[in-house]
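Before I ask anything, let me first share the structure, which is written out below as structure tokens.
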Amino acid sequence: MRGHRVRANCWQRWTLRSLNDGMPRRSRRRLAGAIAAVVVLAVVGFAWTRRTTKPVDEQVIAVLPFRVAGADPSLHYLREGMLDLLSARLAASSGVRSVDSRTVLAAWRKAGGDDRADIPEDASLRVATKIGAGQLLVGDIVGSAKQITLHATLVGAASSKRSDATVTGSVDSLQALVDRLTAELLTRRAGETERLSNLTSTSLVALRAYLDGQANYRRGRWAAAGLSFNTALDADTTFGLAALGVIRASRWFATTRDVDRANRIAWRLRDRFTPRDRALLVVMLGPNFPKAQTMGERGAAAEHYRDLAPDSPDAWYQVGDWNFHYGIGAGVENAARDAERAFSQALALDSSFTPALEHLPTIYEVTGDSAKLRRAIGLLAATDSGNTLAGGRMLAAATLGDSADVRGIRAQFPKLPPNALYEIVYGAVAGYVGLDDAGRAIDALKASAATPNDRSQVEQLDWLLQGNLGHPSKAAAALEKAGGIGIETQHILGVVFWDWDSTGVADLARTMDARGRAAAAGDPRGRRQAVGYLATVAEYHAWRGDTRSFAQTADAMRAIDFAADSGGYAAVRDRYQLVLDAQLAVMTHRPDARALMTRLDSAAKTDPQGMLGGLGNLIIARGWEAVGDLPRSVAAIRRTESLNAPGIYYTALLQDHGRLAALAGDRALAIRSYRRYLALRQHADPALQPQVQAVRAELQRLESQSAR
């Protein structure tokens, strides 16, 4: 009210000054009093309107009586009857609801509507706004006692955006006609007109849940989106687009249920999809599902999807997401720039498309663009009603030095969703926030973990953190609590790459070798596990310099046979095999070592995942160093850098980053890598302190050279 009162008083003073000349004093006083009275009444009226008008909600629809002037008299009961029929169809968990029909009729009649007279659209919109509805639904009915046509228009009360739908059919099928009309209106309202035929062919229950999932996905509410998509698929197991929705949500929220079911259904029904949706499915599952897709295939699929759908925010997002996660590993020179351009284009098409917004702050943090980072924080705050992106907001605030925002989000840790807390832990390892925040976030995750799977994932995160901090015993304890078939593998790799205590590792390697050779003769799943077992044992032999045992293990892996329909397991085996063959050639100084290293280097850029991801590139970097090619060695180790979160063995990568960069003369990279290593391992266990002190001494040497 203060603002309105100030404006009114200013207007009053201006009016009095303009009328002051040539008017008797008594008349001036009377005029001033009259004006003051008018202003007071206007202000009071405004206040009363504000007090009696409900806040407008875009998710609330006011359904007005339908026009029936052109219909058979026997259909006139539908004038008000459509209110109840449509309200019943809208009254479900679709993200929208209708205003109670009695409330609508009372406001409509007060505005001049009755059994025979309608009110103009502008008056109808005012009615909708007055009762808190952000959408107005009006329509008309024509036809005979046997055949009718229903037409409806959904109008935004504020935006005036319109969506129309028309259905025709027998009066006896009125219920089905209303369902079709509602389905088409909701579909058009959600901007899903390209998918109209696929969507309106399903049940209304499934459609409502699907559209709710789409809305949640666009707003970054991944868990809710997955739940809605699965609800739609439960209601209609032939609903391919709902299955595609489950797959998309699962990429963000790992515990989305029934992803395997969704994969099978979506792939089986892909011929029913539009070309755009088929292209998106290939991005998600690859061109040869169930064969595993390579990241090169995914990148090509994302670009094809974008070319088919240049007006789709999601298509641009997929291109940006590939560059963000895999561009550096694939050797893309300007992955950060390409990711930013794609995400920005997605937001230009839909500024509320949260998936595209989620990664932009990280890019601006890496590139040091504080102005864009501040704008990104504003967009995050405006769209993130459920604190899904609180982790990104905290990291961005810390980068900008906004300690108040950091403290505010830190105070919310016990209430934050898991994905936000995970991002904070990864951000702490990367250096955006303090390591104390990582510990607090893990404590909050452990306190809220409700299922065995939740608890296992938190322990895996703690293993990653403790391993990078240089606390092997704590990391091993977390790994044991996490459970799963990878415990022995990670124990051995912890010794090889993280300098864990090697006591008992020889016996563990022998056990794993025997287990791998036995599994090699089993079913495809067992044979795939055998690949992992034998690859791990081979790295143990390489660590010891035992080329004879290494060669035997490599031969055992080569003998594993996969059928043509093994779902891509053979390709996994071939990737691991190439790593071992190149390693062995380098270790034994064979003349084909450089040729094998070139093949491995190319494969790593084509498919930067699994064994060819972080540790693969570390092995490649060491291989190129061994054959005397430092430029390629540094290029390989730089591929382990990421716009994404740092992972396991991050400190091992940092140590080699620094060492190889220093050898190649890239002093800036070496200093940056060593500083991050020391920040993580400043409180490492005593057994690792000699290594920490050696890195500290090397850093001091490099810094002194830079100061000259």
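The values are calculated or read from the model by the stated rules, or taken from the named source; none is laboratory data. Worth saying up front: this structure is predicted, and the values here are computed from it rather than measured. As a convention, Cβ positions derive from the backbone with ideal geometry for all residues, glycine included, and neighbour counts pool all protein chains shown.
If Q577 passes every condition in (1) at pLDDT 90 or above; (2) surrounded by fewer than 17 Cβ atoms within 10 Å (Cβ to Cβ) but one, which one does it miss?
(2)
Select from segment 423-462 the residues that are touching a residue at least 60 places away in the same chain (Cβ under 8 Å) and assigned to a helix (DSSP H, G or I) and list them in ascending order.
Of everything in segment 423-462, those that are touching a residue at least 60 places away in the same chain (Cβ under 8 Å) and assigned to a helix (DSSP H, G or I) turn out to be E423, Y426, G427, V429, A430, L435, N453, D454, Q457.
Counting just the residues of segment 686-708 that are of a type in the set (K, R) and part of a helix (DSSP H, G or I), which one comes out surrounded by the most Cβ atoms within 10 Å (Cβ to Cβ)?
Restricting attention to segment 686-708, the residues satisfying the condition of being of a type in the set (K, R) are 696, 701, 708.
Add one more test, that the residue is part of a helix (DSSP H, G or I), and what stays is 696, 701.
Numbers: R696: 16, R701: 11.
Applying the filter and picking the extreme gives R696.
To continue, here is another question. When you go through (1) under 21 Å from A335 (Cβ atoms); (2) loosely packed, with under 15 Cβ neighbours inside 10 Å one by one for H683, which number turns out not to apply?
All conditions pass for H683, except number (1).
Starting from residues that are at pLDDT below 90 and among the aliphatic types (A, V, I, L, M), keep the ones in segment 637-663 and report whichever is surrounded by the fewest Cβ atoms within 10 Å (Cβ to Cβ).
So in segment 637-663, the residues at pLDDT below 90 come out as 637-649.
The next check asks that each one be among the aliphatic types (A, V, I, L, M); those that pass are 637, 643, 645, 648.
Working: I637: 27, L643: 20, A645: 17, I648: 21.
Ranking the qualifying residues of segment 637-663, first place goes to A645.
When you look at L615, is it farther than 30 Å from G296 by Cα and among the aliphatic types (A, V, I, L, M), yes or no? Full working, then the answer.
Details: farther than 30 Å from G296 by Cα: no; among the aliphatic types (A, V, I, L, M): yes.
For L615, the condition - farther than 30 Å from G296 by Cα and among the aliphatic types (A, V, I, L, M) - is not met.
Additional query: Taking the stated definitions as given, is M557 under 30 Å from I363 (Cα atoms) and either modelled with pLDDT of 95 or more or in a helix (DSSP H, G or I) (or both)?
Values: under 30 Å from I363 (Cα atoms): no; either modelled with pLDDT of 95 or more or in a helix (DSSP H, G or I) (or both): yes.
Spelling it out, it is not the case that M557 is under 30 Å from I363 (Cα atoms) and either modelled with pLDDT of 95 or more or in a helix (DSSP H, G or I) (or both).
Any residue that is surrounded by 14 or more Cβ atoms within 10 Å (Cβ to Cβ), modelled with pLDDT under 70 and part of a helix (DSSP H, G or I) - is there at least one of those in segment 42-52? So that I can check it myself, show each step before the final result.
Here is the first cut: in segment 42-52, the ones surrounded by 14 or more Cβ atoms within 10 Å (Cβ to Cβ) are 43.
Restricting the remaining residues to those that are modelled with pLDDT under 70 gives 43.
If we keep only those that are part of a helix (DSSP H, G or I) too, we end up with 43.
Yes.
Right, here's the next one. Out of (1) in the same structural domain as H589 (by TED's automatic domain parsing); (2) free of Cβ contacts under 8 Å to residues at least 40 places away in the same chain; (3) more than 19 Å from I620 (Cα to Cα), the odd one out for Q529 is which?
(2)
Considering only segment 312-366, state which residues are among the charged types (D, E, K, R) and either in a helix (DSSP H, G or I) or modelled with pLDDT under 80 (or both). Quick ask: steps written out before the conclusion?
Restricting attention to segment 312-366, the residues satisfying the condition of being among the charged types (D, E, K, R) are 314, 321, 333, 337-338, 340-341, 350, 358, 365.
Within segment 312-366, D314, D321, R337, D338, E340, R341, D350, E358, E365 meet the criteria.
Any chance you could count how many residues in segment 111-161 are touching a residue at least 12 places away in the same chain (Cβ under 8 Å), part of a helix (DSSP H, G or I) and not hydroxyl-bearing (S, T, Y)?
7
Looking at (1) in a helix (DSSP H, G or I); (2) within 20 Å of the chain's Cα centre (by Cα); (3) modelled with pLDDT under 80; (4) of a type outside the set (K, R), can you tell me which one G220 breaks?
Single failed check for G220: (1).
Being of a type outside the set (A, V, I, L, M, F, W, C) and crowded, with 20+ Cβ neighbours inside 10 Å narrows it down to one of G439, G401, G408, G391, so name that one. Steps first, answer last, please.
Details: G439 fails: crowded, with 20+ Cβ neighbours inside 10 Å; G401 fails: crowded, with 20+ Cβ neighbours inside 10 Å; G408 fails: crowded, with 20+ Cβ neighbours inside 10 Å.
Within the list G439, G401, G408, G391, the selection yields G391.
Could I ask something else about it? Among the residues of segment 498-523, count how many are under 22 Å from V572 (Cα atoms), surrounded by 15 or more Cβ atoms within 10 Å (Cβ to Cβ) and either in contact (Cβ under 8 Å) with a residue 40 or more places away in the chain or acidic (D, E) (or both).
Counting residues in segment 498-523 that are under 22 Å from V572 (Cα atoms), surrounded by 15 or more Cβ atoms within 10 Å (Cβ to Cβ) and either in contact (Cβ under 8 Å) with a residue 40 or more places away in the chain or acidic (D, E) (or both) gives 3.
Yes or no, residue by residue, for (1) under 24 Å from A679 (Cα atoms); (2) of a type in the set (D, E); (3) crowded, with 23+ Cβ neighbours inside 10 Å:
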residue: A376; (1), (2), (3): no, no, yes
residue: A397; (1), (2), (3): yes, no, yes
residue: P414; (1), (2), (3): no, no, no
residue: A477; (1), (2), (3): yes, no, no
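Moving on to the next point. Tell me whether segment 100-113 contains one or more residues that are under 30 Å from T231 (Cα atoms) and at pLDDT below 85. Full working, then the answer.
Quick first cut of segment 100-113, residues under 30 Å from T231 (Cα atoms) only: 100-101.
Restricting the remaining residues to those that are at pLDDT below 85 gives 100-101.
Yes: segment 100-113 contains one or more residues that are under 30 Å from T231 (Cα atoms) and at pLDDT below 85.
Determine if segment 670-682 includes at least one residue that is within 27 Å of E340 (Cβ to Cβ), in the same structural domain as G532 (by TED's automatic domain parsing) and either outside any helix (DSSP H, G or I) or touching a Ser or Thr at 6+ places or on another chain (Cβ under 8 Å) (or both).
yes
I'd like the full set of residues that are closer than 11 Å to R276 by Cβ, assigned to a loop (DSSP other than H, G, I, E, B) and of a type outside the set (A, V, I, L, M, F, W, C), limited to segment 292-311.
Narrowing segment 292-311 to residues closer than 11 Å to R276 by Cβ: 304-311.
Of the ones still in play, those that are also assigned to a loop (DSSP other than H, G, I, E, B) are 309-311.
Correct list: P310, D311.
Here's the yes/no breakdown for (1) assigned to a helix (DSSP H, G or I); (2) over 26 Å from D350 (Cα atoms):
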| site | (1), (2) |
| --- | --- |
| R208 | yes, no |
| A224 | yes, no |
| L233 | yes, yes |
| T237 | no, yes |
| W252 | no, no |
| T256 | no, no |
| R264 | yes, yes |
| L280 | yes, no |
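Follow-up question, since we're still on this one. As an exercise: evaluate S173 against (1) touching a residue at least 24 places away in the same chain (Cβ under 8 Å); (2) assigned to a helix (DSSP H, G or I); (3) surrounded by fewer than 17 Cβ atoms within 10 Å (Cβ to Cβ) and give the number of the one condition it does not meet.
For S173, the failing item is (1).
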